[in-house]
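A short write-up of the structure that comes next.
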Amino acid sequence: MKGNRQAYSLMAACLRRPLIDDWWRSRVPDLHRIEVPTLVCGSFSDNNLHSRGSIDGFEHIGSAERHLYTHRAGKWATFYSEEAKQTQLQFLDRHLTGRDTPMLPPVRLEVRESGNQIVEVREEQEWPLARTRWTPLYLGTDGLDLEPAGTGSLEFGIRKGGAGFGWIVPADTELTGPMALRLYVSVDGTDDVDLTVGVEKWRGGSYVGFEGSYGFGRDRVTTGWLSASLRGLDETRSRPFQPIPSFTSRAPLGPGEIVPVDIALGPSSTLFRRGEQLRLVIAGRWLWPRNPFTGAFPAAYRTRRAGSCTVHWGPERPARLLIPVVP
């Protein structure tokens with residue numbers, strides 16, 4: 001019996017159809033129609049590839065018994081670990097044998113302090129956590145602050161430059177969930193900028209790395225990216241902590257025009273100790289250099305535009321990073 005193969009080239013389709021249209025919409029799965037019991041691997045270490053889709057799938061499927069197994073180690077090493085195998089066996093035993101096997105918790109949450117240090121593994125009832133305190137950190141001349149800053153701006157080159165804003169954590173703080181960045185930007189010498197943003201953890205003068213895609217060991221806490229010309233949001237699906245672009249039209253920036261851009265940063269779960277620094281980095285290019293030995297790992301995107309980008313803030317432009325503080 002001959003199997004069915006995909007009748008189109010995804011790469012060719014992306015080149016022919018760079019914006020969302022009816023053709024793309026016809027290929028979006030209706031997750032609410034999935035009713036079978038589901039065990040989802042939610043890898044915080046794969047933000048460049050699978051993390052967002054996995055956790056979004058867990059949130060929106062229609063199954064009455066759905067379970068999310070989060071972690072930040074290497075995904076294959078975790079999948080074949082003894083703990084993960086026991087979880088899979090318990091899930092299969094419950095739903096395939098008919099025995100009265102205990103149900104898995106809705107969420108297995110792993111909180112990390114660094115790349116190799118797990119602070120806690122615990123059970124939760126939902127994702128994102130219902131008790132989350134969504135807290136804005138406002139951009140300003142002195143970094144990030146809980147209070148809005150006075151008017152200011154910072155310019156950086158798109159091909160080589162970038163901007164950084166830091167916040168010294170005043171007490172031990174767990175950040176579990178997605179993050180969202182609201183920027184106000186203008187450009188000079190171009191009509192667009194491919195914004196890539198990341199949240200880092202610093203301990204004194206030392207960068208704290210985490211497991212990332214493809215075994216990359218110096219990943220940031222989380223990252224996000226968006227072209228400013230594609231800033232239009234899908235208002236029906238977006239949430240304050242998770243802006244979702246519509247990708248239905250482009251809106252290039254005019255000379256001197258300052259526009260709001262909302263960027264979603266992927267899910268994570270990280271403990272910041274008192275005195276450590278949360279650092280937001282913003283650039284008009286991919287944040288990692290291409291590795292001369294491994295090529296595009298952990299990932300690489302072309303830097304297409306020259307010119308400069310300016311980030312603006314102030315009472316009329318409250319640029320902020322929304323973080324998920326868990327009591």
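The values are calculated or read from the model by the stated rules, or taken from the named source; none is laboratory data. None of the values given here were measured: they were computed from a predicted structure. Because the Cβ atoms are built from the backbone with ideal geometry, glycine has one as well, and the counts that use them run over all protein chains shown. Please note that ligands, DNA and RNA were not included when accessible areas were found on the heavy atoms of the full protein model with its side chains. Shrake-Rupley method; radii C 1.70, N 1.55, O 1.52, S 1.80 Å.
Residues in the stretch 143-166 that are open to solvent by 90 Å² or more (accessible area, probe 1.4 Å) and in contact (Cβ under 8 Å) with a residue 12 or more places away in the chain: Thr151, Glu155, Arg159, Lys160. Name the residues in the stretch 200-254 that are open to solvent by 70 Å² or more (accessible area, probe 1.4 Å) and hydrophobic (A, V, I, L, M, F, W, C), would you? Trp225, Phe247 - these are the residues of the stretch 200-254 that are open to solvent by 70 Å² or more (accessible area, probe 1.4 Å) and hydrophobic (A, V, I, L, M, F, W, C). Taken over the stretch 212-222, residues that are assigned to a loop (DSSP other than H, G, I, E, B) and either within 14 Å of the chain's Cα centre (by Cα) or of a type in the set (Lys, Arg) (or both) amount to 4. Of all residues in the stretch 223-246, those satisfying the criterion of being of a type outside the set (S, T, N, Q), assigned to a strand (DSSP E or B) and without any contact (Cβ under 8 Å) to a residue 60 or more places away in the chain are Gly224, Leu226, Leu233, Arg239, Pro245. Quick check: is even one residue across the stretch 69-80 of a type in the set (S, T, N, Q) and either touching a Pro at 6+ places or on another chain (Cβ under 7 Å) or over 30 Å from Pro170 (Cβ atoms) (or both)? Yes, the stretch 69-80 contains at least one residue that is of a type in the set (S, T, N, Q) and either touching a Pro at 6+ places or on another chain (Cβ under 7 Å) or over 30 Å from Pro170 (Cβ atoms) (or both). Sub-7 Å Cβ pairs linking a first residue in the stretch 20-34 that is open to solvent by less than 60 Å² (accessible area, probe 1.4 Å) to a second residue that is assigned to a helix (DSSP H, G or I), at least 6 apart or interchain, are Leu31/Gly57; Leu31/His60, ordered by first then second residue.
Residues that are in a strand (DSSP E or B) and among the polar types (S, T, N, Q) within the stretch 164-211 comprise Thr173, Thr176, Ser186, Thr196, Ser206, listed in sequence order.
For Asp100, state whether it is within 25 Å of Thr222 (Cα to Cα) and either out of contact with any Ser or Thr (no Cβ under 7 Å at 6 or more places or on another chain) or open to solvent by less than 20 Å² (accessible area, probe 1.4 Å) (or both). Judged against the criteria, Asp100 is not a match.
If you scan the stretch 1-60, which residues turn out to be in contact with a Gly (Cβ under 8 Å, 6 or more places away or on another chain) and over 29 Å from Gly215 (Cα atoms)? Correct list: Leu31, His32, Arg33, Ile34, Glu35. Of the residues screened, Trp24 is one that is aromatic (Phe, Trp, Tyr) and closer than 23 Å to Asp234 by Cβ. From the list Leu49, Leu39, Leu68, the one residue that fits, being touching a helix residue (DSSP H, G or I) at 6+ places or on another chain (Cβ under 6 Å), under 28 Å from Leu287 (Cα atoms) and in contact (Cβ under 8 Å) with a residue 40 or more places away in the chain, is Leu49. So which of Pro148, Pro128 is closer than 30 Å to Glu257 by Cβ, assigned to a loop (DSSP other than H, G, I, E, B) and either within 20 Å of the chain's Cα centre (by Cα) or not small (Gly, Ala, Ser) (or both)? The unique qualifying residue is Pro148. I'd like to check something: does the stretch 150-165 contain any residue that is closer than 16 Å to Ser268 by Cβ, of a type outside the set (D, E, K, R) and touching a strand residue (DSSP E or B) at 6+ places or on another chain (Cβ under 7 Å)? No, the stretch 150-165 has no match at all.
If you go through the stretch 114-142 and keep only what is within 30 Å of His312 (Cβ to Cβ) and open to solvent by 80 Å² or more (accessible area, probe 1.4 Å), you end up with Arg133, Thr141, Asp142.
Residues that are of a type in the set (A, V, I, L, M, F, W, C) and either at pLDDT below 95 or crowded, with 19+ Cβ neighbours inside 10 Å (or both) within the stretch 167-197 comprise Trp167, Leu175, Met179, Ala180, Leu181, Leu183, Val185, Val187, Val193, Leu195, Val197, listed in sequence order.
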